[in-house]
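The structure appears right after this line, and notes come after that.
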Amino acid sequence: DLPTVQIGGATDLRCSASLDLCGKTTWRESAWVMKYAKAAVVIDSFMSHLAGAVGTNVVVLYGPAPSRVVQPRMQHGARLINLAPDMLKVCATLSHCWSNPPRGKVKCMSPCINSISPLAVSQALEGLL
């Protein structure tokens, strides 16, 4: 087992990481942590692009945004695995959240990113290590 480190904002949801640095690092310090990680698991966010920029192998979990449009550019030979939901199976409507976001306080009743199984994430990560 490898030790895990969680970086991100102070209000981000927590996972059971060996070291929780959420809200405790600057952007530069987060980049340093990311650079020296063996691999990263992130959602489609700034952190995915940070991993690509510093050359860290990364598994990116997507919600409604199409990975082919928003995926990070990988540097220094780093590898990328994109995990995206099967939109036809998990979206309750034919409208696409990414291009047609809900207005006001309406939230998606079944966030598609939650349809990506922990097993799929674990297998993807193992493929990068």
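The values are calculated or read from the model by the stated rules, or taken from the named source; none is laboratory data. The structure displayed is predicted, hence computed values, not measured ones. As a convention, Cβ positions derive from the backbone with ideal geometry for all residues, glycine included, and neighbour counts pool all protein chains shown.
When restricted to residues that are farther than 20 Å from residue 113 by Cα and outside any loop (DSSP other than H, G, I, E, B), region 1-12 contains 1. Across region 80-129, which residue is modelled with the lowest pLDDT among those that are among the small types (Gly, Ala, Ser) and more than 19 Å from the chain's Cα centre (by Cα)? Selected residue: 95.
Looking at 45, 18, can you tell me which residue is out of contact with any Asp or Glu (no Cβ under 7 Å at 6 or more places or on another chain), among the small types (Gly, Ala, Ser) and free of Cβ contacts under 8 Å to residues at least 12 places away in the same chain?
Values: 18 fails: free of Cβ contacts under 8 Å to residues at least 12 places away in the same chain.
Step by step, each of 45, 18 is checked, and only 45 is out of contact with any Asp or Glu (no Cβ under 7 Å at 6 or more places or on another chain), among the small types (Gly, Ala, Ser) and free of Cβ contacts under 8 Å to residues at least 12 places away in the same chain.
Screening residue 61 against (1) free of Cβ contacts under 8 Å to residues at least 40 places away in the same chain; (2) closer than 25 Å to residue 127 by Cβ leaves a single unmet condition, (1).
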